[in-house]
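Trainee: Have a look at this one.
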Amino acid sequence: MSVKRLTLTLIVNLCRLIVAVTFIFSGYVKSIDPLGTKYKIHDYLEVVGLSAFIPDYVMLGAAVLLGALEFCLGVFVLFAVGRRLVSRLVLLFMAVMTPLTLWLAVSDPIQDCGCFGDALVLTNWETFYKNIVLLIAAIVLCVKPLVMPRFISRSNQAIVVAYTVFFILFSAGRSLYTLPPFDFRPYHVGADIKAGMEIPEGEQGPQYETTFILEKDGERRVFTLDDYPDSTWTFIDSRTVQTSKGYVPPIHDFSIQTMDDGEDITDSVLGYNDYSFLLVSPHLETADDSSFGDIEMLYEYSKAYGYPFYALTASTGKAIQYWRDITGAEYDFYMTDEITLKTVIRSNPGLLLLKDGVVIGKWSCNDLPKLDTNSGRLEDTEYGKIADVSLARKLSKVFLWYILPLVLLSIADRTWHFTVWIKDKRKSNKIYQLLKGKKKMRKKIVAGNWKMNMNLQDGIALAKELNETLKNNKPKCDVVICTPFIHLASVAQLIDQDVVGLGAENCADKEKGAYTGEVSAEMVKSTGAQYVILGHSERRGYYGETPEILKNKVLLALKNGLKVIFCIGESLEEREANKQNEVVKMELESSVFNLSEEEFKNIIIAYEPIWAIGTGKTATSDQAEEIQAYIRSIIAGRYGQAVADDTSILYGGSCKASNAAELFSKPDIDGGLIGGASLKAADFLGIVNAW
């Protein structure tokens, strides 16, 4: 590999890694906290005045789909699944997100864009710079998608796609039903809320300065608290600004107040040295009331054992009364900030168990503790102890259920392909073949015949695309493109003929001379071409090429070192008269059976039923196999079975990706001479991939 090629490969795959890791992380933290993502989407819509018009379920659905899309794109980039399409989707995604984050950075309507959920909080400018890097990486991937090697072969990529989509949607659904498996907020299980509200010793909190505008005798002046004047001055206005950020504790907005007189009971709740329950419902109007029976049972349990039970909400008295009417709730409600409650737990309602200000447990309304008056005290139950929620344990579950299966699939896939590669190498090793006593396998070939299509620029573009694709994904057959004369010299300069062979569509039956408009075999060879198509039915039919003319063309082509793709085949009338065998035998005998055995080894036969060329009709695989087996028997009769077994016989009649595999599965069909389907890279490669 050249230094230039190696550098390109390193750059592209570094960009691949950056995009994949970022998208996977960003998509996963969004997907496992769909309610948090929904809250952030609500913030965006609120800024532009649309939040009142978009239903909650639409925002929630958008949150799930956004996280899933990011995660899937990241995984697909990592495994090089659908490289062209996925690279374009990533670029489109970044083309939308980058201007959006620039607007956020400039106007600052929201303090945190939420791109990494609560796992990693970036400033708006940091987010914009991050997106610039991702945008550049996405452009690189979009320009050179095929430089990314696959970790899993194309045939197994559907497994990766299906499993990834299932995993991320299942994770989002499970997080909605229970709680996010990873809790990055300051109210996670094991957190000490009291400690989270304190400023550590040696740290200083945010500093503010207040200035006052006062007036006296028509004169206005600005004062601070230090030089505030006497009462003869009249107060006009005041302004408070933050002079230094200082240390802001992770919990700075948690407070509990009584509903009637607003008394702050935060300290007494957090300072209680035994267990206490907090039922959290930011909005009782939209709370799930299906679990009210379990909640009532927990309330009765708390009364029986003397545990305080607080219901925290940001709803009004009317909503509280409505909740009591439909559930029969007897517990008292207390006021807490709405955003704080949404941060405390991702469930409406949800339940916290505290002990001395420490979060012992958190539960969604769908997964409440099974406690009743016969359960005994909390310290004697599983719920009264902090569960093992270590990061390592959580990551091991993700590894076990998602990463490990894909790793095993990748290993199995690469092992299988390595085995196939070893077998192919053995088959191509002449010493191995000699020792094993096996016959050399004849070449499998897919040749494209462009005919009179495409100008020079379009032809060059198609050849480059085919060359780049096949260079990165070695085909299991020889690939040849036969182009109009004007393309040959240009195309020869840009393709690797160890990967894509080059051929002409015709050559003259004269060596040189005053034959205006003709192109000799020597001229074809001088362009760098290796092959030439001779005897095509269109040349026979439109230009009256006779067997004698073709015999001369074949001899001149072989003399100049070209391999000949020699076409034979019957018309519809001859097929209907059951004369196809006679026709192909006559065409071989009259034009190529004059060759020596050594010369004939450079002939590739292409059987093309004229009635199936460009008509959309195709000989059935059995019809094609029958006559191609007959053709091989004719060759065996002339040159012997060894030569016949070594001769590649192609099929050329409306072969396309949808029927190529069936045709190529036949023992005497060694590939195809492809017409219209060779003019688009995707169609032609689909036929190549049939091998």
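Trainee: What do you reckon, is SER315 assigned to a loop (DSSP other than H, G, I, E, B), touching a residue at least 24 places away in the same chain (Cβ under 8 Å) and within 42 Å of the chain's Cα centre (by Cα)?
Mentor: For SER315, the condition - assigned to a loop (DSSP other than H, G, I, E, B), touching a residue at least 24 places away in the same chain (Cβ under 8 Å) and within 42 Å of the chain's Cα centre (by Cα) - is not met.
Trainee: Here's a follow-up. Inside the stretch 205-237, can you point out the residues that are closer than 30 Å to HIS252 by Cβ, part of a strand (DSSP E or B), open to solvent by 70 Å² or more (accessible area, probe 1.4 Å) and of a type in the set (Ser, Thr, Tyr)?
Mentor: TYR208
Trainee: Hey, another quick one. Given the conditions (1) open to solvent by 80 Å² or more (accessible area, probe 1.4 Å); (2) in a loop (DSSP other than H, G, I, E, B), report the number of the one that GLN321 does not fulfil.
Mentor: (2)
Trainee: Select, from ALA660, ALA629, the only residue that is buried (at least 21 other Cβ atoms within 10 Å of the Cβ) and either under 30 Å from LYS559 (Cβ atoms) or of a type in the set (Gly, Ala, Ser) (or both).
Mentor: So the residue among ALA660, ALA629 that is buried (at least 21 other Cβ atoms within 10 Å of the Cβ) and either under 30 Å from LYS559 (Cβ atoms) or of a type in the set (Gly, Ala, Ser) (or both) is ALA660.
Trainee: If CYS115 satisfies every condition in (1) within 23 Å of the chain's Cα centre (by Cα); (2) surrounded by fewer than 21 Cβ atoms within 10 Å (Cβ to Cβ) but one, which is the exception?
Mentor: (2)
Trainee: Quick check on GLU126: is it open to solvent by 20 Å² or more (accessible area, probe 1.4 Å), of a type in the set (D, E, K, R) and free of Cβ contacts under 8 Å to residues at least 24 places away in the same chain?
Mentor: The answer is yes for GLU126.
Trainee: Can you tell which of VAL554, VAL564, VAL583, VAL532 is more than 52 Å from the chain's Cα centre (by Cα) and β-branched (Val, Ile, Thr)?
Mentor: Values: VAL554 fails: more than 52 Å from the chain's Cα centre (by Cα); VAL564 fails: more than 52 Å from the chain's Cα centre (by Cα); VAL532 fails: more than 52 Å from the chain's Cα centre (by Cα).
Just one listed residue meets the conditions, VAL583.
Trainee: Suppose the filter is over 30 Å from PRO609 (Cβ atoms), free of Cβ contacts under 8 Å to residues at least 24 places away in the same chain and aliphatic (A, V, I, L, M); does ALA514 pass it? Can you show your working first?
Mentor: Values: over 30 Å from PRO609 (Cβ atoms): yes; free of Cβ contacts under 8 Å to residues at least 24 places away in the same chain: yes; aliphatic (A, V, I, L, M): yes.
In short, yes.
Trainee: Any residue in the stretch 143-159 that is in a helix (DSSP H, G or I), small (Gly, Ala, Ser) and within 16 Å of ILE24 (Cα to Cα)?
Mentor: no
Trainee: Looking only at residues in the stretch 375-389 that are open to solvent by 50 Å² or more (accessible area, probe 1.4 Å) and not in a helix (DSSP H, G or I), which one is modelled with the highest pLDDT?
Mentor: ARG377
Trainee: Sticking with this one: Out of LEU435, LEU395, LEU400, LEU351, which single residue is of a type outside the set (Asp, Glu), at pLDDT below 95 and surrounded by 11 or more Cβ atoms within 10 Å (Cβ to Cβ)?
Mentor: Among LEU435, LEU395, LEU400, LEU351, only LEU395 is of a type outside the set (Asp, Glu), at pLDDT below 95 and surrounded by 11 or more Cβ atoms within 10 Å (Cβ to Cβ).
Trainee: May I ask you to say which residue of LYS563, LYS551, LYS585, LYS525 is in contact with a strand residue (DSSP E or B) (Cβ under 6 Å, 6 or more places away or on another chain), modelled with pLDDT of 90 or more and not aromatic (Phe, Trp, Tyr)?
Mentor: LYS563
Trainee: Between GLY271, GLY317, GLY293, which is under 23 Å from GLY376 (Cα atoms) and among the small types (Gly, Ala, Ser)?
Mentor: GLY293
Trainee: Ok, one more. Every residue in the stretch 462-519 that is of a type in the set (Gly, Ala, Ser) and more than 29 Å from ARG442 (Cβ to Cβ), please.
Mentor: Within the stretch 462-519, ALA489, SER490, ALA508, GLY513, ALA514, GLY517 qualify.
Trainee: Moving to a separate point now. Could you please find all residues in the stretch 326-343 being touching a helix residue (DSSP H, G or I) at 6+ places or on another chain (Cβ under 9 Å), open to solvent by less than 60 Å² (accessible area, probe 1.4 Å) and touching a residue at least 60 places away in the same chain (Cβ under 8 Å)?
Mentor: Result: PHE333, TYR334, THR336, LYS342, THR343.
Trainee: Taking the stretch 285-306, which residues are in contact (Cβ under 8 Å) with a residue 60 or more places away in the chain and either in contact with a His (Cβ under 6 Å, 6 or more places away or on another chain) or assigned to a helix (DSSP H, G or I) (or both)?
Mentor: Correct list: THR286, ASP294, ILE295, MET297, LEU298, GLU300, TYR301, ALA304, TYR305.
Trainee: Something else now. Residue under question is SER268, and the condition is that it be at negative phi, modelled with pLDDT of 85 or more and loosely packed, with under 13 Cβ neighbours inside 10 Å; does it hold?
Mentor: Working: at negative phi: yes; modelled with pLDDT of 85 or more: yes; loosely packed, with under 13 Cβ neighbours inside 10 Å: yes.
It is true that SER268 is at negative phi, modelled with pLDDT of 85 or more and loosely packed, with under 13 Cβ neighbours inside 10 Å.
Trainee: Here are the criteria: (1) surrounded by fewer than 21 Cβ atoms within 10 Å (Cβ to Cβ); (2) modelled with pLDDT of 90 or more; (3) among the aromatic types (Phe, Trp, Tyr). Tell me which single one PHE151 does not satisfy.
Mentor: If we test PHE151 against (1) surrounded by fewer than 21 Cβ atoms within 10 Å (Cβ to Cβ); (2) modelled with pLDDT of 90 or more; (3) among the aromatic types (Phe, Trp, Tyr), just (2) comes out false.
Trainee: Tally time: how many residues in the stretch 455-470 are more than 33 Å from the chain's Cα centre (by Cα) and either in a loop (DSSP other than H, G, I, E, B) or loosely packed, with under 13 Cβ neighbours inside 10 Å (or both)?
Mentor: As a first pass, look at the stretch 455-470 and keep what is more than 33 Å from the chain's Cα centre (by Cα): 455-456.
Checking the rest, the ones that are also either in a loop (DSSP other than H, G, I, E, B) or loosely packed, with under 13 Cβ neighbours inside 10 Å (or both) come to 455.
Residues that pass the stated criteria total 1.
Trainee: Right, something else. So ASP372 clears everything in (1) surrounded by fewer than 17 Cβ atoms within 10 Å (Cβ to Cβ); (2) out of contact with any helix residue (DSSP H, G or I) (no Cβ under 6 Å at 6 or more places or on another chain) except one condition, right? Which one?
Mentor: Exception for ASP372: condition (2).
Trainee: While we're on this one: In the stretch 129-139, what count of residues is obtained for those that are free of Cβ contacts under 8 Å to residues at least 40 places away in the same chain and open to solvent by less than 50 Å² (accessible area, probe 1.4 Å)?
Mentor: 1
Trainee: Quick test for you: out of VAL491, VAL532, VAL519, pick the one residue that is among the aliphatic types (A, V, I, L, M) and closer than 19 Å to ALA461 by Cβ.
Mentor: Sole residue among the options that is among the aliphatic types (A, V, I, L, M) and closer than 19 Å to ALA461 by Cβ: VAL491.
Trainee: Further question: Considering the stretch 154-174 alone, what residues qualify as being of a type outside the set (A, V, I, L, M) and either open to solvent by 60 Å² or more (accessible area, probe 1.4 Å) or in contact with a helix residue (DSSP H, G or I) (Cβ under 6 Å, 6 or more places away or on another chain) (or both)? Break it down into steps so the answer makes sense when it comes.
Mentor: Just the residues of the stretch 154-174 that are of a type outside the set (A, V, I, L, M), to begin with: 154-157, 163-164, 166-167, 170-171, 173-174.
Within the stretch 154-174, ARG154, SER155, ASN156, TYR163, THR164, PHE166, PHE167, PHE170, SER171, ARG174 meet the criteria.
Trainee: Also: In the stretch 266-284, what count of residues is obtained for those that are of a type outside the set (Gly, Ala, Ser) and either under 21 Å from TYR177 (Cα atoms) or without any contact (Cβ under 8 Å) to a residue 24 or more places away in the chain (or both)?
Mentor: Count: 9.
Trainee: Starting from the stretch 351-372, take each residue that is of a type in the set (Gly, Ala, Ser) and list its partners that are crowded, with 19+ Cβ neighbours inside 10 Å and in a loop (DSSP other than H, G, I, E, B), counting only C-beta distances under 8 angstrom and pairs at least six apart or across chains.
Mentor: GLY361/PRO369; SER364/LEU179; SER364/ILE345; SER364/ARG346; SER364/SER347
The values are calculated or read from the model by the stated rules, or taken from the named source; none is laboratory data. If you're wondering where the values come from, they're calculated on a predicted model, not measured in any experiment. Every residue, glycine among them, receives a Cβ derived from its backbone with ideal geometry; neighbour counts consider all protein chains shown. All accessible areas refer to the heavy atoms of the entire protein, side chains included, with ligands and DNA or RNA removed. Shrake-Rupley method; radii C 1.70, N 1.55, O 1.52, S 1.80 Å.
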